[in-house]
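Enquirer: I have a structure here, written as structure tokens, and I will follow up with some questions on it.
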Amino acid sequence: MIPKNPKAEDVLKALGEPTAHGGNPPFWDEAMAALQEGTPAFLAPETLAARREQNGLPAARDPLLREMAATVAADPPLLALAWYLHWRVFVIPGRGVSWGAPPLTGRLGSRAGMFYELLALEFAPRLAARHREWGYPASVTAQTVKQVAAYESNHLRGRGEPGIYENQFPWFATYLAMPHVRLGRLEFQLCSYEGGVSVWRRAADGQVLALAEDGARVMDDGLLAGAADTGFWTATRREDEQTVEGFPVDPAGRILRQRVVLRRPEWTPVFSKGTTVLNLHIPAGGGMTWESVCDSFRQAQPFFTRHHPDRPFAALVVGTWFMDPRLADILPASANPLRMQRACYLFPIPPAPGGLWFVFLRDTVACDSATLPRDTSLRRALADFLASGKRWHGGGMFVLPEDLASPREGCYTGRFAALRAAGLPGGD
């Protein structure tokens, strides 16, 4: 039994997580006020098997789920936290998930991942209800719910047993708060562009050019500087009614130190910070061939045009570890991530070495690179890169809607080469 309206401080302290996640989590009091007497329905043992099946997990998980449900129900601090996380992710998903979920390894040891897998069983029914509201076909819901198994596969690879990482569980809220679906191998999220570049199109021939953001700190190699870096130069961007001045981004993923001037209305805006875009997500798992990428790209525009005609998107975008332009230095040209790079317009993002968590399933910043697993060619190449003392950045990319139906390697780099050969507009 949970005491009436327990304090977050007391609960976290009892769980051995007193300050690790910022003290009192947002909406804690509201969540506790909504808690009814008795065991919450999502812990009911008689429904676990059916809900596990809805989420696409194997029957072998049933004993582990029943054991964890009983553990949570008998542990008041753990039950309070379980209710709070359930409330945040599945009841009020639109309010965001800025407060991280604690690891709980002190309380549960190696079973901590199963605590989050138990909570994740709520995903399938909540997702189905939301998709019905949006009028999505059941086939899309069935594809999207695979994210539970995808998250579990990360835990299996990283920790050798079933479960879901605490840092991945809160992201289930994004599928309920906004249009976010899986179409084939890839996922797409309709959202507002958070920035990185502004993109312009020349009316006469459809030529496209991305400009660095005003104030971008750029190193000599065209990548963005980190907070502690020195020796950078600062890009600027200025707009008025007649012109736009800035520094262009080569679609191979680097900012050029050559100012350009785009004249209106010859050049018109395509998208910038705040514009509606499709954000790309890549679920864990194999089978990400070039053909599967193209198939997912082709499905995206018809789906969102049909179901959200009032929110046309200006581009498909993503920021991820494998859009770093230096990936071409460590992988063979035939590698699927490089084929995908060559079909996109790349642009640099600030250094994000933590993005390699998705490759190694551990914090690559805090650990010694010599201890990183090297069981695949990709892991060996990236571990060697880090061991050399270099820092991984990751990168961003975009693809315009008209290019999604027929993705083509060299689409943007080829156009840019022609633009550069003719002379960048108003270039210094």
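Enquirer: Once the Cα atoms of region 380-428 are picked out, what are the Rg and Dmax in Å?
Expert: Using the Cα atoms of region 380-428, the pair Rg, Dmax is 16.9, 44 Å.
Enquirer: Could you please state how large a percent of the accessible area of region 216-315 is carbon and sulfur, counting protein chains only and using a 1.4 Å probe?
Expert: Numbers: 2380 of 4980 Å².
Carbon-and-sulfur percentage of accessible area, whole number: 48.
Enquirer: Here is a follow-up. Magnitude of the Cβ-charge dipole of region 100-217, K/R +1 and D/E -1, about the Cα centre, nearest 20 debye? Can you show the working numbers first?
Expert: Working: 13 positive and 11 negative charges, 46 e Å.
That gives region 100-217 a dipole magnitude of about 220 debye.
Enquirer: Moving on to the next point. What three numbers, in Å, describe the spread of the alpha carbons of region 12-133 along their principal axes, ordered from the longest?
Expert: 36, 35, 26 Å, listed from the longest principal axis down.
Enquirer: At 1.4 Å probe size, what's the solvent-accessible area of Leu79? Round to the nearest 10 Å².
Expert: Looks like 10 Å² after rounding.
Enquirer: I would also like to ask the following. For region 3-78, report the convex hull volume of the alpha-carbon atoms normalised per residue, in Å³, without decimals. Provide the component values of the computation, followed by the final result.
Expert: On the way: hull volume 9.4 nm³, N = 76.
For region 3-78, the hull spanned by Cα atoms encloses 123 Å³ per residue.
Enquirer: Moving on. Find which of Tyr412, Pro350, Phe360 sits farthest along the positive direction of the dipole of region 340-428, computed with +1 on the beta-carbon of Lys and Arg, -1 on that of Asp and Glu, about the Cα centre.
Expert: The residue sitting most towards the positive pole is Phe360.
Enquirer: Hey, another quick one. If N is the number of residues in region 199-288, what value comes out of its Cα radius of gyration divided by 2.2 N^0.38 Å? Intermediate results must be reported in sequence, preceding the final value.
Expert: Numbers: Rg = 15.6 Å, N = 90, 2.2 N^0.38 = 12.2 Å.
Dividing the Cα radius of gyration by 2.2 N^0.38 Å gives 1.29.
Enquirer: Follow-up question, since we're still on this one. How large is the convex hull of the Cα atoms of the chain per residue, expressed in Å³ as a whole number? Walk me through the intermediate numbers first.
Expert: Working: hull volume 68.7 nm³, N = 428.
Enclosed volume per residue, from the Cα hull, is 160 Å³.
Enquirer: Please compute the Kirkwood hydrodynamic radius over region 328-389, one decimal place, Å, based on all pairs of different Cα atoms. Intermediate values should be presented prior to the final figure.
Expert: On the way: mean 1/r = 0.0779 Å⁻¹.
Result for region 328-389 stands at 12.8 Å.
Enquirer: Take the solvent-accessible surface of the protein heavy atoms, probe 1.4 Å, and return the percent of it on region 64-188 that carbon and sulfur atoms account for. Display every interim value, and only then the final one.
Expert: Working: 2220 of 4010 Å².
That fraction is 55 percent.
Enquirer: Right, something else. Let's see if you can work this out: charge +1 on each Lys and Arg Cβ, -1 on each Asp and Glu Cβ, no other charges. What is the dipole magnitude of the chain about its Cα centre, in debye to the nearest 20? Show your work: numbers first, answer last.
Expert: On the way: 45 positive and 44 negative charges, 117 e Å.
My answer is approximately 560 debye.
Enquirer: A further question on this structure: Tell me the per residue accessible area of the chain using a 1.4 Å probe; a whole number in Å² is fine. Show your work: numbers first, answer last.
Expert: Details: 18400 Å² over 428 residues.
Solvent-accessible surface per residue comes out at 43 Å².
Enquirer: If you take every DSSP beta bridge fully contained in region 232-389, what fraction is antiparallel? Give it as a percent rounded to 5.
Expert: Numbers: 8 of 11 bridges.
Beta bridges within region 232-389, antiparallel portion: roughly 75 percent.
Enquirer: If you don't mind, there's one more thing I want to ask. Just to make sure I understand: if all protein chains stay in place, what is the order of Trp290, Trp134 by accessible area at 1.4 Å, largest first? Provide the component values of the computation, followed by the final result.
Expert: Values: Trp290 25, Trp134 60 Å².
So, going from the largest accessible area down, we get Trp134, Trp290.
Enquirer: Compute the semi-axes of the equivalent ellipsoid of region 262-318, taking the square root of 5 times each eigenvalue of the Cα gyration tensor, and list them largest first in whole Å.
Expert: On the way: eigenvalues 148, 45, 25 Å².
For region 262-318, the ellipsoid semi-axes come out as 27, 15, 11 Å.
Enquirer: Hey, any idea what Rg/Rh is for region 251-410, computing Rh the Kirkwood way over Cα pairs? Mind dumping the intermediate values first?
Expert: Details: Rg = 17.5 Å, Rh = 17.5 Å.
Dividing the radius of gyration by the Kirkwood radius yields 1.00.
Enquirer: For the chain, take the longest principal axis of its alpha carbons; what is the angle in degrees between that and the long axis of helix 411-422, to the nearest 10 within 0 to 90?
Expert: Orientation of helix 411-422: about 30 degrees from the principal axis.
Enquirer: What are the radius of gyration and Dmax of region 345-423, computed over its Cα atoms and given in Å?
Expert: Radius of gyration, then largest Cα-Cα span, for region 345-423: 17.0, 49 Å.
Enquirer: How large is the translational diffusion coefficient of region 88-168 in µm² per second when you combine the Kirkwood radius over alpha carbon pairs with Stokes-Einstein at 4 °C and 1.567 mPa s?
Expert: It comes out at roughly 94 µm²/s.
Enquirer: In what sequence, largest accessible area first, do Asp221, Asp310 appear using a 1.4 Å probe? Present the calculation step by step, with values, prior to reporting the outcome.
Expert: Numbers: Asp221 75, Asp310 125 Å².
Ranking Asp221, Asp310 by accessible area, largest first, yields Asp310, Asp221.
Enquirer: Trp357: accessible area at probe 1.4 Å, nearest 10 Å²?
Expert: Approximately 40 Å² for this residue.
Enquirer: Taking R0 as 22 Å, what's the FRET efficiency between Arg408 and Thr268 from their Cβ-Cβ distance, rounded to 0.05?
Expert: Details: r = 23 Å, r/R0 = 1.06.
Approximately 0.40, to the nearest 0.05.
Enquirer: What area, in nm² and to one decimal, does the C-alpha convex hull of region 145-215 cast on average over all directions?
Expert: Values: hull surface 32.5 nm².
For region 145-215, averaging the hull's shadow over all directions gives 8.1 nm².
Enquirer: Here's another thing I want to ask about it. Using the Cα centre of region 193-314 as the reference point, and only Cβ charges (+1 on K/R, -1 on D/E), how large is the resulting charge dipole? Debye, rounded to the nearest 20.
Expert: 200 debye
Enquirer: Take the alpha-carbon positions of region 120-279, form their convex hull, and give its projected area averaged over all directions (one quarter of the hull surface) in nm².
Expert: Projected over every direction and averaged, the Cα hull of region 120-279 covers 13.4 nm².
The values are calculated or read from the model by the stated rules, or taken from the named source; none is laboratory data. Computed from a predicted model, the values in this text were never measured in an experiment. Ideal geometry is used to build each Cβ from the backbone, glycine not excepted, and the neighbour counts take in all protein chains shown. Areas reflect the complete protein model, heavy atoms only, side chains present, ligands, DNA and RNA absent. Shrake-Rupley method; radii C 1.70, N 1.55, O 1.52, S 1.80 Å.
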